[in-house]
Each structure stands twice: as C-alpha cells, then as structure tokens.
Amino acid sequence: MFKKLKIGAIIMARNNSSRLNGKIFKKIGNLDMLTHCVRNTRKISYLDEIIVATTSKIEDKKIAKITKKNNIKIFFGSENNVMKRYYDAATKYNLDIILRVTGDCPFLSSDVMDYMLSEHFKKNVDFSVPQKATIGTAGEIVNYSALKKVYNKIKNKKKLATYSEYFKFFFRNQKFKLKFHEIKLPKRYITNFRLTVDYASDLNMLNRLFKKLKFKKKEINIHNIIELLKKKSDLVKINNVNPVIYRKKSFINNINKLINEN
C-alpha cells in the first residue's frame, strides 16, 4: 500500500520566533536543534522525502546550510501563511501523504510516527492527529488531496492565515467534510513531560536530559527518555509549567469561531 504513494515529512522551521529567537540553531549537545529533528525524522519508516519548509526571508536562507549538510531538500515559501507553505512544498515535491513536523521538536519519535502512519492507512482517513501524546514527540498526518481542499477554501481569507499553522482545527471542522481521526496511542507513549522547545527553560531541560542519557550511553529515543524522566522529577520541573497555547480554552474558542465565520 505504501509503495503506491509518495510519503514525505515536511519540517516547518524558521529563524524568527517570538518566544525564543533563533531556536532551531540552538545546540542540544553538540548539534543544532533542527539537525536533531531531521535525524529523528529520518528514522520514520516509508519516507520518500524529507523537506524543511522555511520562509523566503533573507535570515532564513542560512537554514540551507543545515539541509545541505543533512542531504535533504529545502523549500522557501510564505512567511505568514503556514498552510500555503506546506501546500506549495507538497505540490512541488509531488507528495501524496504529508507528515507534518515542526523543527522545535528535536526528539520527535519515529516509533510514535510509525504507529500513526499505520493507523492513518488502516482507518483510511484524510487527517490524523494523536488524541494524547507526550508534547514534542508526535506530528500530524494529512493527505495531499485534503490539504489542497482546505487550502483552496481559505487561501483568500487573510484572517485565517495567521492561524493556518494550527492544522487540526481546520481539518476537524465539519465545514470541510473530511475524515478526521484522533489516534489513541499506546499508553507507553503518553506522559505529561514536555519535549518541545518554545522557551529557554525548554532548551535547558532538553540539554540536561541529553547529557544524562549520553552519560548512561543510552540511545536518545522515546522509551529511554520517558524511563529517565520518570526517575528525574528535578528535570521535569524545569519546564513542565510552560504554557501550551493551542490547548488553552480561549485560544480554541477563538480559532474555532474564526474558522466558522469565514
């Protein structure tokens, strides 16, 4: 089934960030965060392409040094309309299935993404997202045909462009009439730990986590990460109070209202 379709991971990355500027270039151990993300994405099964999609701003041109070093593609697109950037990149590389990944998740789990891919095809849906997941370990999966449908319906609505990076709110909205699926992940992948980087404290925590696993000569994967963090509450406390914007009720109500009104 997989061989008949072209599957690609599109990693969203840019230099500018309101909370931690230049975060994709920040180091975890001796590697920049984006390279960690790329290397973990490469472990996902069935991928035909890995593409970093960034903006066409001058400051984002230097991302090409990272993609060249890692022998993957780069796409320069819209700065403000993230969905357009995804759509344009997927169109250019003729993708049928897109794994949506963000560059601020250096420890993305290939185990979780492999499980999600299997469920996505099994359920024959347009869009898949984990029902619950350890923050920073999972992405989303969308069929190109569904991405095209949603993008074409919102592309001329400037108010929606600001929120277009929050895919799931669009794809699960009934107005688009798509097959939306929330995947129930195995319990071993679900924790309240925070493994994404939005704040300096996130970066601090992941660096300390990385050093401890390296010291123990443990592979950096979701199983070893969770095992260690269950024993190290001091690490968890470093960043577990950082807010997750897209989980706030006010944010959810605002974006759903905006989508329905447009």
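The values are calculated or read from the model by the stated rules, or taken from the named source; none is laboratory data. Keep in mind that what you see is a predicted model, and the values were worked out from it rather than measured. Please note: Cβ atoms are built from the backbone with ideal geometry, for glycine as well, and neighbour counts cover all protein chains shown. Calculation scope for accessible area: heavy atoms of the full protein, side chains included, ligands and nucleic acids excluded. Shrake-Rupley method; radii C 1.70, N 1.55, O 1.52, S 1.80 Å.
Observations on the structure shown:
- Between LYS69, LYS132, LYS62, LYS122, the distinction of being surrounded by fewer than 18 Cβ atoms within 10 Å (Cβ to Cβ), touching a Lys or Arg at 6+ places or on another chain (Cβ under 9 Å) and not aromatic (Phe, Trp, Tyr) belongs to LYS132 only.
- Of all residues making up region 182-200, the number that are under 16 Å from the mean Cα position of the chain (by Cα) and either free of Cβ contacts under 8 Å to residues at least 24 places away in the same chain or closer than 24 Å to LYS26 by Cα (or both): 5
- Checking ILE44 against (1) of a type outside the set (Gly, Ala, Ser); (2) touching a residue at least 24 places away in the same chain (Cβ under 8 Å); (3) surrounded by fewer than 20 Cβ atoms within 10 Å (Cβ to Cβ); (4) in a loop (DSSP other than H, G, I, E, B), the condition it does not meet: (3)
- The criterion of at least 1 residues that are within 18 Å of the chain's Cα centre (by Cα) and under 26 Å from SER45 (Cα atoms) is met by the following helices (runs of 4 or more DSSP H) wholly inside region 78-181: 82-92, 110-123, 144-154, 167-171.
- Residues located in region 217-231, provided they are among the polar types (S, T, N, Q) and touching a residue at least 40 places away in the same chain (Cβ under 8 Å): ASN221
- Any chance PHE176 is surrounded by 19 or more Cβ atoms within 10 Å (Cβ to Cβ), more than 17 Å from ILE10 (Cβ to Cβ) and not β-branched (Val, Ile, Thr): no
- Flag for LEU5 being buried (at least 23 other Cβ atoms within 10 Å of the Cβ) and either of a type in the set (Asp, Glu) or in contact with a strand residue (DSSP E or B) (Cβ under 6 Å, 6 or more places away or on another chain) (or both): no
- Looking only at region 216-253, and only at residues there that are assigned to a helix (DSSP H, G or I) and of a type in the set (S, T, N, Q), the one that is least open to solvent (accessible area, probe 1.4 Å): ASN239
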